[in-house]
Amino acid sequence: MRQTVNIMRLMLRTINPTGSNHSGSVIFLHGSGDTGTNLIEWIRFLLGRDMEFPHIKMIYPTAPLQPYTPLGGQMSNVWFDRRAISIDAFESRKSMAEIYEDIHEMINAEVSAGIPLDRIIIGGFSMGGALALHSGYHLNTDLGGVFACSSFLNHDSIVYDSLCNRTTPGTRLPELLMFHGDRDNLVPSEWGKESFDNLIKLGVEGAFNILPNTLHELKKRELLDIQKWILTKLPALDNNDG
């Protein structure tokens with residue numbers, strides 16, 4: 001029986017826009033074993049401030065606490081379980097299907113608040129970036145964009161199946177922005193580049209950026225580039241400038 005996983009269990013943490021309204025939303029997903037609150041603090045440490053925009057709501061959910069196979073079944077805040085941290089491992093589709101429900105709820109909550117799908121961006125670091133790729137290219141291809149940092153898709157990923165079997169081929173997919181450290185010894189950059197290249201072959205447009213002298217981590221320059229990219233995808237609207 002599926003454990004109860006719902007939007008309340010994700011402990012949503014939101015940095016509200018400075019204005020009274022917002023016209024866009026960004027969901028930023030942390031890596032395995034982390035929390036949304038820690039991701040906020042990490043970003044704040046690197047930038048010296050929050051990643052914030054006057055017209056954009058930043059959402060930092062925390063993954064559910066569940067057994068995680070790579071840790072010998074120990075409980076951890078992870079978005080989904082997986083058999084191993086390897087591009088060759090079979091994707092744990094049952095576990096991923098459970099978190100899909102929560103992603104749908106988060107996106108639908110923003111739509112209910114009046115935010116169009118193409119004004120919603122989802123991204124993440126490591127495992128969070130992998131879930132962002134699933135969110136934008138398997139669950140909902142009408143989003144405004146996807147970013148992934150130090151992430152990859154398994155060789156047998158359902159994302160590839162979904163893109164291959166699109167019912168409306170030729171329609172524009174969310175733009176993709178990916179970053180990967182050249183010295184990442186947990187998720188090799190080759191895995192990220194292979195995943196990116198596979199997505200490009202299936203119709204995704206975007207950019208893959210190698211970060212020199214970077215391990216499995218976020219970098220200030222990376223966050224600044226993401227922030228600039230977000231503003232190009234979600235510019236302020238006239239009626240939200242105040």
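Within the range 95-108, identify whether any single residue is closer than 25 Å to residue 218 by Cα and touching an Asp or Glu at 6+ places or on another chain (Cβ under 9 Å), and answer yes or no.
Within the range 95-108 (the criterion being closer than 25 Å to residue 218 by Cα and touching an Asp or Glu at 6+ places or on another chain (Cβ under 9 Å)), the answer is yes, since at least one residue qualifies.
From the list 183, 172, 166, pick out the single residue that is within 18 Å of residue 87 (Cβ to Cβ) and among the basic types (Lys, Arg).
When all the criteria are applied, what remains is 183.
Restricting attention to the range 139-167, which residues are assigned to a helix (DSSP H, G or I) and open to solvent by less than 30 Å² (accessible area, probe 1.4 Å)? I'd like the intermediate steps shown before the answer.
Quick first cut of the range 139-167, residues assigned to a helix (DSSP H, G or I) only: 139, 158-164.
Answer for the range 139-167, where residues must be assigned to a helix (DSSP H, G or I) and open to solvent by less than 30 Å² (accessible area, probe 1.4 Å): 159, 160, 163.
Any residue that is more than 29 Å from residue 224 (Cα to Cα), open to solvent by 10 Å² or more (accessible area, probe 1.4 Å) and aliphatic (A, V, I, L, M) - is there at least one of those in the range 30-53?
Scanning the range 30-53 turns up no residue that is more than 29 Å from residue 224 (Cα to Cα), open to solvent by 10 Å² or more (accessible area, probe 1.4 Å) and aliphatic (A, V, I, L, M).
Residue check: is residue 177 within 28 Å of residue 117 (Cα to Cα), open to solvent by less than 20 Å² (accessible area, probe 1.4 Å), at pLDDT 95 or above and part of a helix (DSSP H, G or I)?
No, not satisfied.
Output the residue which, of all residues in the range 113-138 that are assigned to a helix (DSSP H, G or I) and open to solvent by 40 Å² or more (accessible area, probe 1.4 Å), is nearest to residue 185 (Cα to Cα).
So the residue we want is 138.
Do the conditions hold for residue 199, that is, is it in contact with a strand residue (DSSP E or B) (Cβ under 7 Å, 6 or more places away or on another chain), over 28 Å from residue 21 (Cα atoms), surrounded by 18 or more Cβ atoms within 10 Å (Cβ to Cβ) and not acidic (Asp, Glu)?
Details: in contact with a strand residue (DSSP E or B) (Cβ under 7 Å, 6 or more places away or on another chain): yes; over 28 Å from residue 21 (Cα atoms): yes; surrounded by 18 or more Cβ atoms within 10 Å (Cβ to Cβ): yes; not acidic (Asp, Glu): yes.
Criteria met by residue 199.
Conditions: (1) under 12 Å from the mean Cα position of the chain (by Cα); (2) touching a residue at least 60 places away in the same chain (Cβ under 8 Å). Residue 136 meets all but one. Number of the miss?
(2)
Count, please, the residues in the range 79-110 that happen to be within 27 Å of residue 56 (Cα to Cα) and open to solvent by 60 Å² or more (accessible area, probe 1.4 Å). Break it down into steps so the answer makes sense when it comes.
Taking the range 79-110 first, the residues within 27 Å of residue 56 (Cα to Cα) are 79, 99-110.
The next check asks that each one be open to solvent by 60 Å² or more (accessible area, probe 1.4 Å); those that pass are 101, 104-105, 108.
Result for the range 79-110: 4.
In the range 218-242, what residues are more than 23 Å from residue 142 (Cβ to Cβ), in contact (Cβ under 8 Å) with a residue 40 or more places away in the chain and open to solvent by 50 Å² or more (accessible area, probe 1.4 Å)?
219, 220, 224, 225, 241, 242
The values are calculated or read from the model by the stated rules, or taken from the named source; none is laboratory data. What you are looking at is a predicted structure, and each value in this text was computed from that prediction instead of being measured. A quick note on method: Cβ atoms are made from the backbone with ideal geometry, for glycine too, and the neighbour counts reach across all protein chains shown. Ligands, DNA and RNA are excluded from the accessible area calculation, which covers all protein heavy atoms including side chains. Shrake-Rupley method; radii C 1.70, N 1.55, O 1.52, S 1.80 Å.
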